[in-house]
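Notes follow the structure.
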Amino acid sequence: MIVAILSIEDYSVAHQRAAERVLEKLQRLDARIATKYGRERRHLRQAVRCVLEIHMLPKLRTSDGSPFRAYSVDVSQSGVGFIAPAEIYDDQVCVGVPGKEGRHNWFLAEIVRKRQVPEEMFWEYGAVLLARVDNPVPIQAEPAT
């Protein structure tokens, strides 16, 4: 299935309000369960709201291939949580986490958790950072047939 994923800068007022509600809900939920699961996690999660760059991998791409920007929910040494207003069907993506001097730190990431946020127009994702990469995977045109 090929879908276009809306990027933050293209959100309507309704999308932006929904994103803020979802981020607040997820932060409250994480705070409630942190005491139980916090000890089981390998790395401490930090509730960090930043803008991530998400790129689909050319081989696996089920979206239209356009990179998009998404809000993070949390970040740890080994993973990142984020929300997007559409389902991502790919298992792996390239994630750009903001770093120093406006540059991104790029990672190959595997989506290990995805769920639609009840009564909202967003999906929540959890991705394990597999490897650091120099640049996002370039978007390549499909070969003509």
Assess whether Asp64 counts as being modelled with pLDDT under 90 and within 14 Å of the chain's Cα centre (by Cα). no
Sort out which residues of segment 102-129 are loosely packed, with under 14 Cβ neighbours inside 10 Å and under 21 Å from Gln16 (Cα atoms), and write them in order of number. Arg115, Gln116, Pro118, Glu119
For segment 84-138, which positions are out of contact with any Leu (no Cβ under 9 Å at 6 or more places or on another chain), part of a strand (DSSP E or B) and of a type in the set (A, V, I, L, M)? Ile111, Val112, Ala127, Val128
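Can you give me the number of residues within segment 63-83 that are over 14 Å from Val51 (Cα atoms), part of a strand (DSSP E or B) and hydroxyl-bearing (Ser, Thr, Tyr)? I'd like the intermediate steps shown before the answer.
Of all residues in segment 63-83, those over 14 Å from Val51 (Cα atoms) come to 63-66, 76-79.
Retained after the next criterion (residues that are part of a strand (DSSP E or B)): 63, 79.
Adding the requirement that they be hydroxyl-bearing (Ser, Thr, Tyr) leaves 63.
Residues flagged as over 14 Å from Val51 (Cα atoms), part of a strand (DSSP E or B) and hydroxyl-bearing (Ser, Thr, Tyr) within segment 63-83 amount to 1.
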Restricting to segment 1-22, what's the tally of residues that are at pLDDT below 90 and part of a helix (DSSP H, G or I)? 0
Only residues that are modelled with pLDDT under 60 and crowded, with 17+ Cβ neighbours inside 10 Å: list them for segment 44-61, please. Arg45, Arg61
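The values are calculated or read from the model by the stated rules, or taken from the named source; none is laboratory data. Fair warning: this is a prediction, and the values are worked out from it, not measured in the lab. We place every Cβ from the backbone using ideal geometry, glycine too, and count neighbours over all the protein chains shown.
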